[in-house]
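The block underneath contains the structure these notes are about, expressed in structure tokens.
The values are calculated or read from the model by the stated rules, or taken from the named source; none is laboratory data. Keep in mind it's a predicted model, so treat the numbers as computed, not measured. Reconstructed Cβ throughout: ideal geometry from the backbone, glycine too, with neighbour counts over all protein chains shown.
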Amino acid sequence: MRTTRDATIVSRDDERGRYRTLRLASGEEWVARSLDGSAASLPVEGHPLVALVHLSDTHVMDAQSPARVEFLDRFLDVAVQDEGRTYRPQEVVTTQVLDALVRAVRATERGPFTQRALDVALLTGDATDSAQANELQWLADVLDGADVTPDSGDPARYEGVGSAEWDDPAYWNPEAPPADATLTVPGFPVVPGFPVVPGFHAAARRAFRAHGMPVPWLAVYGNHDGLVQGTLPVSDATSAHAVGGIKPRLAAPGTDPQAARDLLDGVLDERTLAVVAGATSVSVTPDARRRHLTRAEHIAWHLDRGGHGLTEANRASGTAYYRHSLGEIDLVVLDTVNEHGGWQGSLDAPQWEWLHAELVDADTSGTPVLIASHHTSADLVNGDHPAGSPRRVLSEELLAELHRHPCVIGWLNGHTHTTRITGHPGPAGGFWEVTAPSLIDWPQQARIVEVVRTESGFAIATTMLDHAAPPAWPRDLPDTLALAALSRELAANSWGVPSESAPDPGTHPRRGTLRDRNAVLVVERPG
């Protein structure tokens, strides 16, 4: 078993200002934290309640889909490029990265803090990238240990951005000579030295046998699971475009930049639709497997394959929130996707009433609760809804409700692709919010979360877990681990954050601070 307590992965110190390669570094011990900020010590005794793997934002992706709008990156506000990007060089190998994470879980087997055998894996949303049926199938194939063919369209060639046919410096072309291996989109950092990797796209599309998650996995609905590219409501029109043969390439001269940014925010009107309609396009091979799934279809898909936390009650109601028992502790899983569009989240009114009833019940029975959602508390700000439709519940109201219930000890989420731990002290004792990074952006890690009942309440131990790929990738890309290693290295160089030189991955905000990574979080519950 190896976690980031034993060793972790950082960039080489002698490569500032250019493309960085990676190396192993010393491990990181746990940091004890208290909700009020006072000194805390690691609990020496306690009763383990659960040990789970928390992974988020896997973004299993069909990078060749016509429904992707990579060309909109040119219109992103420089200040928010890192949050709104529609292109990354490593996007074509998301299944291989997920398989490498699964291999790390299989090698870990137990929680490092309690030595309890891992109980379950929790995927806190954006498991897929654009609500496509083939993306969801690839995800399940990896987690179930099946044969995976991460390809769509023409089986004989790669048809996405970054191929030789695109001839566009905005995208990394792995077959290009070194002089062309620099990303030069205006506003993006110029990072010289991107590698030449002959055969990369062929290797990325190669079929492989997945290893399979060794524990049951639970699903949480994220905005990219339910909305096109995480922002636009699914419709017959979006699905027809996804399965069709026309892929947008470049915006027309004179395109309204604000309309392009509004489209990324989920706004559909004449201005935003004109951005796509006016773009130059290329022909790609149609593929019916790329169809977009509605929320009801997403729920039914999971239920037809064992549920993964969802129950028949979800099928009947068309809802994606549920309560799931983990023995001595419960997960209360929220659906924070605004069905009306937009990448930020909120709750609907029926779910709000359901949540209150569930928390009252947990308080009465004395059952500790972990909340799980895709969006963080700070990102529940999307109150958009059509006139006459029920209101949406936002962050301030939800936090106030959680603070009324001593059963709530933690909240696991994702969405921001950033490693972060936030304390929420409150009148009922407070709780911890634990945000996982993504598997598509640096540092491509998951967390192991262990909950312990102590004499004074609870402790939540969190330990970061690197996926199983080595720091350096072999040049011939023989297997999925080699592709995952290259993906991690590309992620360390693909920032989307303005800078005169490549930032140091060891201190980049997505990795969080020491206090956000390996930590033991004390939750006092005086008797």
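For the range 353-404, give me each residue that is among the aliphatic types (A, V, I, L, M), touching a residue at least 40 places away in the same chain (Cβ under 8 Å) and surrounded by 14 or more Cβ atoms within 10 Å (Cβ to Cβ).
Here is the first cut: in the range 353-404, the ones among the aliphatic types (A, V, I, L, M) are 355, 357, 359-360, 362, 369-372, 378, 380-381, 387, 393-394, 398-400, 402.
From what's left, touching a residue at least 40 places away in the same chain (Cβ under 8 Å): 355, 359-360, 362, 369-372, 380, 393-394, 398, 402.
Listed by number, the residues that qualify are Leu355, Leu359, Ala362, Val369, Leu370, Ile371, Ala372, Leu380, Val393, Leu394, Leu398, Leu402.
Would you mind telling me which numbered condition in (1) over 30 Å from Glu70 (Cβ atoms); (2) not in a helix (DSSP H, G or I) Ala313 fails?
The number of the failed condition is (2).
Residues in the range 86-93: is at least one closer than 30 Å to Pro48 by Cα, touching a Leu at 6+ places or on another chain (Cβ under 7 Å) and either of a type outside the set (Asp, Glu) or in a loop (DSSP other than H, G, I, E, B) (or both)? Outline the logic, then answer.
Our first condition is that a residue be closer than 30 Å to Pro48 by Cα; within the range 86-93, this holds for none.
Looking for residues that are closer than 30 Å to Pro48 by Cα, touching a Leu at 6+ places or on another chain (Cβ under 7 Å) and either of a type outside the set (Asp, Glu) or in a loop (DSSP other than H, G, I, E, B) (or both), one finds none in the range 86-93, hence no.
Somewhere in the range 15-38, is a residue at pLDDT 90 or above and within 30 Å of Gly153 (Cα to Cα)?
no
Residues checked against (1) under 17 Å from Trp301 (Cβ atoms); (2) buried (at least 21 other Cβ atoms within 10 Å of the Cβ); (3) of a type outside the set (A, V, I, L, M, F, W, C); (4) modelled with pLDDT under 90:
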{"residue": "Ala219", "(1), (2), (3), (4)": "yes, yes, no, no"}
{"residue": "Asn223", "(1), (2), (3), (4)": "no, yes, yes, no"}
{"residue": "Leu227", "(1), (2), (3), (4)": "yes, yes, no, no"}
{"residue": "Asp236", "(1), (2), (3), (4)": "no, no, yes, no"}
{"residue": "Asp262", "(1), (2), (3), (4)": "no, no, yes, yes"}
{"residue": "Val267", "(1), (2), (3), (4)": "no, no, no, yes"}
{"residue": "Thr272", "(1), (2), (3), (4)": "no, yes, yes, yes"}
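What is the residue count in the range 340-379 for residues that are closer than 22 Å to Leu264 by Cβ, more than 16 Å from the chain's Cα centre (by Cα), in a loop (DSSP other than H, G, I, E, B) and at pLDDT 95 or above?
The number of residues fulfilling the criteria is 1.
Tell me which of these Gly111 doesn't satisfy, since it passes every other one: (1) out of contact with any helix residue (DSSP H, G or I) (no Cβ under 6 Å at 6 or more places or on another chain); (2) of a type outside the set (A, V, I, L, M); (3) at pLDDT below 95; (4) closer than 30 Å to Thr4 by Cα.
Status for Gly111: all satisfied but (3).
Condition test on Ala277, is it of a type outside the set (Val, Ile, Thr) and without any contact (Cβ under 8 Å) to a residue 60 or more places away in the chain?
Details: of a type outside the set (Val, Ile, Thr): yes; without any contact (Cβ under 8 Å) to a residue 60 or more places away in the chain: yes.
Yes.
Quick one: Arg488 ticks every box in (1) buried (at least 24 other Cβ atoms within 10 Å of the Cβ); (2) closer than 30 Å to Ser325 by Cβ; (3) out of contact with any Leu (no Cβ under 6 Å at 6 or more places or on another chain) except a single one, so which number is it?
Status for Arg488: all satisfied but (2).
Collect the residues in the range 427-449 that are small (Gly, Ala, Ser), touching a Gly at 6+ places or on another chain (Cβ under 6 Å) and closer than 19 Å to Gly37 by Cβ, keeping them in residue-number order.
Step one: filter the range 427-449 for residues small (Gly, Ala, Ser), giving 428-430, 436, 438, 446.
Pick out the ones that are also touching a Gly at 6+ places or on another chain (Cβ under 6 Å) and you get 436.
Correct list: empty.
Please work out which residue is nearest to Gly160 (Cα to Cα), limiting yourself to the range 225-276 and to residues that are small (Gly, Ala, Ser) and in contact with a His (Cβ under 6 Å, 6 or more places away or on another chain).
Of all residues in the range 225-276, those small (Gly, Ala, Ser) come to 226, 230, 235, 237, 239-240, 242, 244-245, 251-252, 254, 259-260, 266, 274.
Applying the additional criterion that residues be in contact with a His (Cβ under 6 Å, 6 or more places away or on another chain) yields 230, 239, 242.
On the way: Gly230: 19, Ser239: 18, Ala242: 13 Å.
So the residue we want is Ala242.
When the range 269-283 is examined, which residues are found to be assigned to a helix (DSSP H, G or I) and either small (Gly, Ala, Ser) or more than 29 Å from the chain's Cα centre (by Cα) (or both)? Can you show your working first?
Start the filter on the range 269-283 by keeping residues that are assigned to a helix (DSSP H, G or I), which leaves 270-277.
Within the range 269-283, Glu270, Arg271, Ala274, Ala277 meet the criteria.
Evaluate the range 92-99: report whether one residue or more is modelled with pLDDT under 85, over 30 Å from Ser325 (Cβ atoms) and buried (at least 24 other Cβ atoms within 10 Å of the Cβ).
The first filter runs over the range 92-99 and keeps only residues modelled with pLDDT under 85, leaving none.
Checked the range 92-99: no residue is modelled with pLDDT under 85, over 30 Å from Ser325 (Cβ atoms) and buried (at least 24 other Cβ atoms within 10 Å of the Cβ).
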